[in-house]
Amino acid sequence: MYEDKVVLCGANAYERKYYLNPDFENLPEHIKNELKIMCVLYTEDVGGILTLSYEEDGTLVFDVASEDYDPGFDEIGSRLKMKEIQRTKGELLRSLELYYKVFFLGEEI
């Protein structure tokens, strides 16, 4: 189905946009809303671009990027915010990994 990483969603502070991969439109509405809030707040707090992607094995990873020499991007704040998200939204993130493994990779629980 996919060759490399599969993007779940992302937010871009420069363009002030949020993206949800259309392949994940079947997620419950409250999950989609929570992802949007999480990603947008992240980029509002620290700047840059945040993308949540799945590795080939179904692991959900945070990819963070910023434009070269962006004085508004808070690199330290980015790491702290990411750890906070992983701590406070751990159950959601694990559920999204399980969802991907079952419905996209065809693994059995």
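Derivation of every value follows stated rules applied to the coordinates shown; laboratory data play no part. This structure is a prediction, so every number in the text was calculated from the model and none was measured. Cβ sites come from the backbone with ideal geometry, for glycine too, and all protein chains shown count toward neighbours.
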Show which lysines lie in cross-link reach of K17 when reach means a straight Cα distance below 24 angstrom and same-chain residues fewer than eight apart are skipped. K5, K32, K36, K81, K83, K89
For Rg and Dmax of the Cα atoms in Å, the listed values are [x] 13.1, 40; [y] 14.0, 46; [z] 15.4, 50; which was obtained by calculation from the structure presented? [y]
Restricting to Cα pairs below 8 Å that are 6+ residues apart, what does the relative contact order work out to for the chain? Please round to a whole percent. 24
Under a point-charge model restricted to the Cβ atoms of Lys and Arg (+1) and Asp and Glu (-1), what is the dipole moment magnitude of the chain relative to its Cα centre, in debye to the nearest 20? 440
Starting with the highest mean, order 101-109, 33-41, 56-64 by the number of other Cβ atoms within 10 Å, averaged over the residues of each peptide. 33-41, 56-64, 101-109
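Less than 14 Å Cβ to Cβ from L27, Lys/Arg counted +1 and Asp/Glu -1: what total charge do the surrounding residues give? Show your work: numbers first, answer last.
Values: positive: K32, K36; negative: D23, E25, E29, E34, E97.
It works out to a net charge of -3.
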Quick check on the chain: helices-only [θ] at 222 nm, where DSSP H runs of length 4 and up contribute -39,500 (n - 2.57) each and the sum goes over total residues. Nearest 500, please. -14000 deg cm²/dmol
